[in-house]
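Bear in mind these aren't lab numbers, they're just calculated from the coordinates by the rules spelled out. Since we're looking at a predicted model, the values are computed, not measured. A quick note on method: Cβ atoms are made from the backbone with ideal geometry, for glycine too, and the neighbour counts reach across all protein chains shown.
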Amino acid sequence: MKLTRELTVKNQAGFHLRVASMISKLAMNVQSEVFLTFGSYKADCKSCFDLLAVMAPCGSVLTLDVEGDDAIEIADTITDMFEKKFFEDEFAPQET
């Protein structure tokens, strides 16, 4: 199965090292091929080094491509991570 989704970076810090690490650890443990595209750059999600080049700011839209038997599961998990802002904003300073 092949899936494509558009995902928006919603956390204030954007797509950075910790986010890249979270996604690559997840992708390395699945059978599917997993890629994130930002602009003209396509990163293999099983490589933290590839993902480091993404470095997309808050509000950026990335394209997720997943192909394999567990494509739905991995796409849903990564989508959830984006939606939950990579669990970061609860630690961000609050505007007053």
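Tell me whether the range 48-88 comes out rounded, prolate or oblate; compute the Cα gyration tensor, take square roots of the eigenvalues as a ≥ b ≥ c, and use a/c under 1.5 as the rounded threshold. The shape class here is oblate.
Note on the range 7-96: with charges restricted to the Cβ of Lys and Arg (+1) and Asp and Glu (-1), its dipole about the Cα centre is near 360 debye.
In the chain, Cα pairs under 8 Å separated by at least six residues give a relative contact order of 41 percent.
Label-to-label distance, GLU73 versus MET22, with points set 7 angstrom from Cα along the beta-carbon direction: 2.0 nm. Does the chain classify as rounded, prolate or oblate by the C-alpha gyration tensor (a ≥ b ≥ c root eigenvalues; a/c under 1.5 gives rounded; else a/b over b/c gives prolate, otherwise oblate)? Prolate shape, in that a/c is at least 1.5 and a/b is the bigger ratio. Computed from label points 7 Å out along Cα-Cβ, the spacing between CYS58 and LYS84 is 2.0 nm. Electrostatic bookkeeping for THR37 treats Lys and Arg as +1 and Asp and Glu as -1; over the other residues with beta carbon under 12 Å from its beta carbon, the sum is -2. Counting Lys and Arg as +1 and Asp and Glu as -1 over every other residue whose Cβ lies under 15 Å from the Cβ of LEU17, the net charge comes to 0.
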